[in-house]
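Working notes, structure below.
The values are calculated or read from the model by the stated rules, or taken from the named source; none is laboratory data. Predicted model only: the values in this text are computed from it and were never measured. Virtual Cβ from ideal backbone geometry, glycine too; neighbours counted across all protein chains shown. Calculation scope for accessible area: heavy atoms of the full protein, side chains included, ligands and nucleic acids excluded. Shrake-Rupley method; radii C 1.70, N 1.55, O 1.52, S 1.80 Å.
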Amino acid sequence: MPARRIGVVGAGRVGAVLASAFRAAGHEIVAAAGESDASRSRITELLPGVPVEKPTAVARAADVLLLTVPDDMLPNVVAMLSASGAIHDGQYVVHTSGRHGLAVLDEATKVGARAVALHPAMTFTGTSRDLPRLEGCVFGVTAGPAERAFTESLVKDLGGRAMWVDEDKRTLYHAGLAHGANHLVTLVTEAIEILSAAGGDNPADTLRPLLEAALDNALDKGDAALTGPIVRGDVNTVRAHLKDIAANAPQTLPSYVAMARATLDRVVLDGRVLPIRAAKISQLLDGAAGFETVVARPPQPAARPASTREGGR
């Protein structure tokens with residue numbers, strides 16, 4: 001693809017990194033918009049020499065406009081830039097939202113712009129560490145037939161590969177990524193908290209080889225990779241887990257119960273846990289709130305009769 005003049009509105013973790021990668025691929029980054037101190041620092045670090053401008057100025061200067069703003073802000077940004085005349089006929093307008101497809105760019109296409117949805121299936125730090133991670137990264141893309149070749153070229157310049165997502169499946173696509181990646185972070189953080197409560201001095205290092213192996217196995221084998229007390233039907237172990245988690249890391253109990261229940265459902269369906277054991281585990285999970293009430297909250301002293309209280313009558 002010939003070199004393009006690319007402008008970036010929203011120099012967050014994603015925008016600054018993608019712009020830096022496009023620059024390395026030979027494109028010109030004409031300007032970037034970012035209001036926060038963090039965004040301006042990213043522009044300085046990842047896009048040295050690129051002028052910081054208002055969004056309207058960025059849009060007017062670019063023949064490819066990269067919108068990397070939060071999902072809920074995107075419709076307003078598109079509407080504002082289109083109404084002001086900053087988005088113009090023949091310009092490519094590319095957003096990086098996972099949830100949104102092309103409909104969110106309707107105001108831009110009404111003034112003659114060409115719409116592309118391009119979402120990297122990757123988590124970002126907003127630093128140069130992200131750049132090598134783009135190699136082989138999947139991008140969930142949606143575009144019209146006339147923009148398909150251009151979109152594939154963009155992905156190629158970033159070192160990635162395209163996964164074409166239908167307009168009406170964008171939200172579902174994004175939900176799958178969020179459920180896997182975002183909730184994984186929560187799960188790992190809570191596991192670290194539980195190990196810390198158990199006295200572990202470096203829970204992250206304890207978990208790292210186990211989680212890396214579990215993730216590899218899950219990606220390769222799916223449910224067949226499951227191990228642990230649920231798949232073994234170890235009722236007493238699950239009971240002990242619930243009791244000790246409630247006593248020492250109660251903030252993690254709801255997610256433990258939710259994931260245990262989801263795991264139990266899966267191994268019951270494929271026959272690895274006998275119904276009688278599954279029923280006992282399910283009963284324990286149903287009563288998990290009782291563990292939290294009885295174990296996590298210390299007993300309160302009984303109230304004295306009103307006549308013996310200070311000020312009582």
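For region 1-143, calculate the relative contact order in percent as a whole number, restricting contacts to Cα pairs under 8 Å that are 6 or more residues apart. Let's see the in-between values first.
Numbers: 293 pairs, mean separation 32.6, N = 143.
Relative contact order of region 1-143: 23 percent.
Proximity of backbone amide H atoms, modeled 1.01 Å from N, is registered between Val138 and Ala121, Arg161 at under 5 Å, excluding neighbours fewer than 5 places apart on the same chain. Percent of Cα-Cα pairs more than 27 Å apart in region 30-183, please. Looking at region 30-183, the distances longer than 27 Å represent 21 percent of pairs.
When shorter helices are ignored and each DSSP H run of at least 4 residues is given -39500 (n - 2.57), the per-residue value for the chain at 222 nm works out to -14000 deg cm²/dmol.
Rounded to the nearest 5, what is the percent of antiparallel bridges among the DSSP beta bridges in the chain? Let's see the in-between values first.
Values: 5 of 27 bridges.
Rounded to the nearest five, the antiparallel share is 20 percent.
Roughly speaking, to the nearest percent, how much of region 138-247's 1.4 Å accessible area is carbon and sulfur? Carbon and sulfur: 57 percent of the exposed surface of region 138-247.
Only lysines eight or more places from Lys243 in sequence, or on another chain, were considered; those with a Cα closer than 25 Å are Lys280. Site pair Ala204 and Asp71 shows an inter-label distance of 2.8 nm when each label is modelled 7 Å from Cα along Cα→Cβ. If a spin label sat at a point 7 angstrom from the Cα of Arg133 along the line to its beta carbon, no backbone N atom of region 209-223 would be nearer than 14 Å.
Couplings 3J(HN,Hα) of region 249-259, computed from phi: 9, x, 5, 9, 4, x, 6, 4, 5, 4, 6 Hz, in residue order, whole Hz [Karplus 6.51 cos²θ - 1.76 cosθ + 1.60, θ = phi - 60°; x for Gly and Pro].
Can you give the Rg/Rh ratio of region 106-152, where Rg is from the C-alpha atoms and Rh is the Kirkwood radius? Could the numbers behind the result be given before it?
On the way: Rg = 13.7 Å, Rh = 12.5 Å.
Dividing the radius of gyration by the Kirkwood radius yields 1.09.
So which of Lys110/Lys169; Lys54/Lys110; Lys54/Lys169 end up more than 28 Å apart, counting from Cα to Cα? Mind showing how you got there, number by number?
On the way: Lys110/Lys169 23 Å; Lys54/Lys110 22 Å; Lys54/Lys169 33 Å.
Over 28 Å Cα-Cα: Lys54/Lys169.
Sort largest first and round to whole Å: the equivalent ellipsoid semi-axes of region 119-219, each the square root of five times a Cα gyration tensor eigenvalue. Mind showing how you got there, number by number?
On the way: eigenvalues 238, 49, 23 Å².
Ellipsoid semi-axes (Å, largest first): 34, 16, 11.
Its alpha carbons give the chain an Rg and a Dmax of 26.1, 89 Å. Rolling a 1.4 Å probe across the protein heavy atoms gives the chain an accessible surface of 55 Å² per residue. The Cα atoms of region 83-123 define a convex hull whose projected area, averaged across directions, is 3.1 nm².
Ligands, DNA and RNA aside, Thr44 has an accessible area near 100 Å² when probed at 1.4 Å. Cα centroids of region 225-276 and region 200-219: 19 Å apart.
Placing +1 on the Cβ of every Lys and Arg and -1 on the Cβ of every Asp and Glu, with no other charges, gives region 25-120 a dipole of roughly 80 debye about its Cα centre.
With a sphere of radius 11 Å drawn around the Cβ of Gly159, what net charge do the other residues whose Cβ falls strictly inside it have (Lys, Arg +1; Asp, Glu -1)?
Spelling it out: positives minus negatives among the neighbours equals +1.
In sequence order, region 176-189 has phi-based couplings of x, 5, 5, 4, x, 8, 5, 6, 5, 4, 4, 4, 5, 4 Hz under the Karplus curve 6.51 cos²θ - 1.76 cosθ + 1.60, θ = phi - 60°, and Gly or Pro positions carry x. Label separation (Ser196 vs Met163): 3.2 nm, computed from points 7 Å beyond Cα along the C-beta direction. If R0 is taken as 35 Å, the Cβ-Cβ distance between Thr56 and Ala24 corresponds to a FRET efficiency of 0.85.
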